Each structure stands twice: as structure tokens, then as C-alpha cells.
Amino acid sequence: MNKGELIENVQKTLGKDVSKAFSERCVNAVIESITKGLKKDKTVQIIGFGTFTVKQRKARTGRNPQTGETITIKASKSVSFKPGQKLKNSIN
């Protein structure tokens, strides 16, 4: 499912009287809120769905696949997601 399909599903879930534009604003608001929460608190927990966490990745040595040259990959942050029990149960 991509973002457009998610917006359509939100619109269908909310009912016929809800516009696609409103559904898109809702989806964008949720994404923006999660992003802000990760920047501020480094974690966002949605009970029954899961937990988003910012993880720090250390600098490491890599290899350029085209030239075989050894390169240094800078330290960076990434986002991990751990699904909640309710989400796990719903897909099994």
C-alpha cells in the first residue's frame, strides 16, 4: 500500500461525506506528528499499533560496489519500528 492508497482507505473508513482532500490532510497530520515526536522525544508509542524509535548508527567502513574502493560511512540516525501485540495478532 502506498500513500495514495492509504488516503483512499482512510476516506472509505471515515465515510462517504468525507472528502479525499480531508483524508489526505489527516494522513499528513499523523505523519507530521510522528516525525515531530521522533525529533523531540526520540520515541513515539501508539498502544496496540507499535513503537517508533530513533536509533543512532555508528560510523563504519564500507566498500564502493563499482570501484571496490574502501569508504567511510558517516554515523547517522535511523528510525526503527517495533509492532505492538495487537498489530502482530491482526496479521497472523
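What follows is calculated from the coordinates using simple rules that are stated; it is not laboratory data. Here the structure is a predicted model, which is why all the values come from computation and not from measurement. Reconstructed Cβ throughout: ideal geometry from the backbone, glycine too, with neighbour counts over all protein chains shown.
Relative to the dominant Cα principal axis of the chain, helix 20-41 is inclined by about 40°. Projecting the Cα atoms of Ile31, Asn9, Ser19 onto the dipole axis of segment 1-41, where Lys and Arg carry +1 and Asp and Glu carry -1 at the beta carbon, places Ile31 farthest toward the positive end. Relative contact order of the chain, taken over Cα pairs closer than 8 Å and 6 or more residues apart, is 21 percent.
For the listed residue pairs Lys42/Lys86; Lys55/Lys88; Lys20/Lys42; Lys16/Lys39; Lys58/Lys82, the alpha carbons are over 28 angstrom apart in Lys20/Lys42; Lys16/Lys39.
Using Cα-only point scatterers and the Debye equation, what is log10 of I(q)/I(0) for the chain at each q in 0.13 Å⁻¹, rounded to two decimals? Each listed q maps to, in turn, -0.68. Taken about its Cα centre, segment 19-67 carries a charge dipole of about 380 debye when Lys and Arg each add +1 at the Cβ and Asp and Glu each add -1 at the Cβ. Around the Cα centre of the chain, unit charges on the Cβ atoms of Lys, Arg, Asp and Glu (plus for the first two, minus for the last two) sum to a dipole of about 500 debye.
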